[in-house]
Amino acid sequence: MVFANGCFDLLHAGHIKLLEKAKSSGDILVVALNSDGSVRRLKGAGRPLVGEKQRAQALAGLEAVDFVTVFKEDTPLEAIRQLKPDILVKGADYKISDIVGAGLVKKVVRIPLVKGISTSTIVKKILDAYGRKS
């Protein structure tokens with residue numbers, strides 16, 4: 001079992017690449033999604049842009065994703081403890097020492113990010129297109 005987690009606020013090509021590579025690391029991919037409250041605490045009052053039910057539905061519709069669960073805590077530690085995955089996947093922007101739950105799995109896989117693609121970048125482009133400051 002492979003485990004990935006995140007906010008996945010605006011699903012983009014970087015997310016898709018990460019999830020496809022995560023799936024190729026094992027047989028079953030479980031994605032743990034930050035709840036709306038968790039995203040607000042981590043990203044600020046204006047987030048999430050898309051509610052957890054819609055984010056979960058979008059993730060569940062991806063071929064690479066087998067299961068989606070939503071967690072309310074700020075980290076997925078409890079979900080990792082309960083599910084006991086074999087492999088934990090995060091973006092390469094995380095150091096292994098900073099990956100929550102890394103010590104509870106057999107293997108940690110860090111996936112390179114797609115350069116220039118992030119939710120923050122997309123939000124900035126939208127705000128700039130409408131003449132607002134980000």
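Sites listed here are GluC sites (Glu not before Pro) in the range 29-118 whose DSSP assignment is loop and whose Cβ has at most 15 other Cβ atoms within 10 Å: E63, E73. Residues F8, F71, F3, arranged from fewest to most other Cβ atoms within 10 angstrom of their Cβ, appear as F71, F8, F3.
Listed by Cβ neighbour count within 10 Å, with the fewest neighbours leading, R47, R41, R132 appear as R132, R41, R47. Using the Karplus relation 6.51 cos²θ - 1.76 cosθ + 1.60 with θ = phi - 60°, the per-residue 3J(HN,Hα) values for the range 99-114 come to 7, 4, x, 4, x, 9, 10, 6, 8, 10, 10, 9, 9, x, 6, 7 Hz, with x marking Gly and Pro. Its relative contact order, with pairs defined as Cα atoms under 8 Å and 6+ residues apart, puts the chain at 28 percent. One chain, two ends: Y130 and H12. Fully extended at 0.36 nm per residue, the span grows by 40.4 nm beyond their Cα-Cα distance. Specify the residue with the greatest mean-square fluctuation among V114, V123, V89, computed from a Gaussian network of the chain linking alpha-carbon atoms under 10 Å apart. The residue that fluctuates most here is V123. Under the combined filter of DSSP loop state and at most 13 neighbouring Cβ atoms within 10 Å, the range 60-114 retains these trypsin sites (Lys or Arg not before Pro): K72, K95, K106. Excluding A45 itself, calculate the net charge of residues whose Cβ lies under 14 Å from the Cβ of A45, where each Lys or Arg counts +1 and each Asp or Glu counts -1. Overall, the nearby charge balance is +2. Helix-only arithmetic for the chain: the sum of -39500 (n - 2.57) across DSSP H runs with n ≥ 4, divided by the residue total, places the mean residue ellipticity at 222 nm at -10000 deg cm²/dmol. Secondary structure note: in the chain, about 0% of the DSSP beta bridges are antiparallel. Counted by Cβ distance under 12 Å from D66, the other residues give a net charge of -1, where Lys and Arg count +1 and Asp and Glu count -1.
Where a number appears in this text, it was derived from the coordinates with a stated rule and is not lab data. This one's a predicted model, so the numbers in the text were calculated from it and none came from an experiment. FYI the Cβ positions are ideal-geometry reconstructions off the backbone, even for glycines, and counts take in every protein chain you see.
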